[in-house]
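**Q** Below is the structure I would like to discuss, written out as structure tokens.
Every number in this text was worked out from the coordinates using simple rules, so none of it is lab data. Everything quoted here is computed from the prediction, not taken from an experiment. Cβ coordinates were reconstructed from backbone atoms using ideal geometry, including for glycine residues, and neighbour counts include every protein chain displayed.
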Amino acid sequence: MEFRPVILIPSYNSGARLQATVEGAMQHGVPVRVVVDGSTDGSDRTLDPLAESGEGRLSIQRLQKNGGKGRAVYAGTLAARDEGCTHLLTMDSDGQHPVDAIPRFLADAECHPGCLIMGDPLFGPDVPPARLKGRRLTIWWTDLETHRCGLGDTLFGMRVYPLEGLLEAFSRTSFARGFDFDPEIAVRMTWAGHRPRQVRVPVRYFSKDEGGVSHFNYIRDNIKLTFLHFRLFPEWFLLRRFAMHANLRQWKGEK
């Protein structure tokens, strides 16, 4: 099957960093689709000239109402499927994910088309301490729910998904439409047999003075993540453990 990737960037009130992120993504010879998730700050209007002059490299998909990251990715995935794409590279719109890592992700995905290519973040001193504490707990849980198969940081959103596998994972849950999207979809795709592979990438958190924007709410989003594992753990324990054992045996044999 021909490898036909698209770079998918969900955006909600992304501020000044959005344009530079999209411009950087467009330099890699792959179609770029930005899903504007009900933004109200006008940042997406800076993309219109890029779409007009980009010779078809940039598509802008606007959703009228903010529905969350997972819902935006789902909408973009359906559109990408209709355009014949086979893989999606997802990345944040705020500049945290380095555009110069895109070729490494795509090369690994082309060599391993059935795998889930996960970004392995290298954080600098600019990362907020509260973000690190919360993600360690989520990583512990998702490691448990996938038999420590090497899934890595399940809150880091720079990844390459096999498109059909992503849609199948979406079909198995009515959740994973908001902040819980990244960890839940990664776990479900691993359960379904998509072996995770890691690509190491540096991450930068921009300050407000640098145009950085964060919609993370420490209380609300950690409650949502806690509820996520109240759902995933019983499903893993009762239904998915033996499938994961089989996956691990298969992956070990492929080494």
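**Q** Just one of Lys69, Lys65 is among the basic types (Lys, Arg) and either more than 13 Å from the chain's Cα centre (by Cα) or closer than 18 Å to Arg4 by Cβ (or both); which is it? Spell out the reasoning first.
**A** Working: Lys69 fails: either more than 13 Å from the chain's Cα centre (by Cα) or closer than 18 Å to Arg4 by Cβ (or both).
So the residue among Lys69, Lys65 that is among the basic types (Lys, Arg) and either more than 13 Å from the chain's Cα centre (by Cα) or closer than 18 Å to Arg4 by Cβ (or both) is Lys65.
**Q** Suppose we keep only residues that are part of a strand (DSSP E or B) and in contact with a Pro (Cβ under 8 Å, 6 or more places away or on another chain) within region 6-33. Which one would you say is nearest to Phe156 (Cα to Cα)? Even if it seems obvious, please write down each step before you answer.
**A** The first filter runs over region 6-33 and keeps only residues part of a strand (DSSP E or B), leaving 6-11, 32-33.
Filter again for in contact with a Pro (Cβ under 8 Å, 6 or more places away or on another chain), leaving 6-7.
On the way: Val6: 19, Ile7: 16 Å.
Among residues in region 6-33 that are part of a strand (DSSP E or B) and in contact with a Pro (Cβ under 8 Å, 6 or more places away or on another chain), the one nearest to Phe156 (Cα to Cα) is Ile7.
**Q** Of (1) surrounded by fewer than 18 Cβ atoms within 10 Å (Cβ to Cβ); (2) part of a loop (DSSP other than H, G, I, E, B); (3) among the charged types (D, E, K, R), Asp108 satisfies all except one. Which?
**A** Every listed condition holds for Asp108 apart from (2).
**Q** What are the pairs with Cβ atoms under 7 angstrom where one residue, in region 68-81, is farther than 16 Å from Ser39 by Cβ and the other, located anywhere, is buried (at least 21 other Cβ atoms within 10 Å of the Cβ) and of a type in the set (Val, Ile, Thr)? Sequence gap at least six, or different chains.
**A** Listed by first residue and then by second, the contacts come to Ala80/Val6.
**Q** Oh, and also: If only one of Arg220, Arg188, Arg177, Arg249 is of a type in the set (D, E, K, R) and either in a loop (DSSP other than H, G, I, E, B) or in contact with a Cys (Cβ under 9 Å, 6 or more places away or on another chain) (or both), which one is it? Can you show your working first?
**A** Working: Arg220 fails: either in a loop (DSSP other than H, G, I, E, B) or in contact with a Cys (Cβ under 9 Å, 6 or more places away or on another chain) (or both); Arg188 fails: either in a loop (DSSP other than H, G, I, E, B) or in contact with a Cys (Cβ under 9 Å, 6 or more places away or on another chain) (or both); Arg249 fails: either in a loop (DSSP other than H, G, I, E, B) or in contact with a Cys (Cβ under 9 Å, 6 or more places away or on another chain) (or both).
Residue meeting the stated conditions: Arg177.
**Q** Go through the residues of region 193-211 one by one and say whether even a single one is among the β-branched types (Val, Ile, Thr), more than 24 Å from Ala107 (Cβ to Cβ) and outside any loop (DSSP other than H, G, I, E, B). Working first, answer last.
**A** If we filter region 193-211 for residues that are among the β-branched types (Val, Ile, Thr), which is where we start, we get 199, 201, 203.
This time we only want the ones that are more than 24 Å from Ala107 (Cβ to Cβ), so: none.
Checking region 193-211: not a single residue is among the β-branched types (Val, Ile, Thr), more than 24 Å from Ala107 (Cβ to Cβ) and outside any loop (DSSP other than H, G, I, E, B).
**Q** Still on this structure, please answer the following. Can you tell me which of Gly165, Gly134, Gly193 is in contact with a strand residue (DSSP E or B) (Cβ under 8 Å, 6 or more places away or on another chain) and either of a type in the set (D, E, K, R) or touching a residue at least 24 places away in the same chain (Cβ under 8 Å) (or both)? Explain how you work it out, then say what you get.
**A** Values: Gly134 fails: in contact with a strand residue (DSSP E or B) (Cβ under 8 Å, 6 or more places away or on another chain); Gly193 fails: in contact with a strand residue (DSSP E or B) (Cβ under 8 Å, 6 or more places away or on another chain).
Matching residue, one of Gly165, Gly134, Gly193: Gly165.
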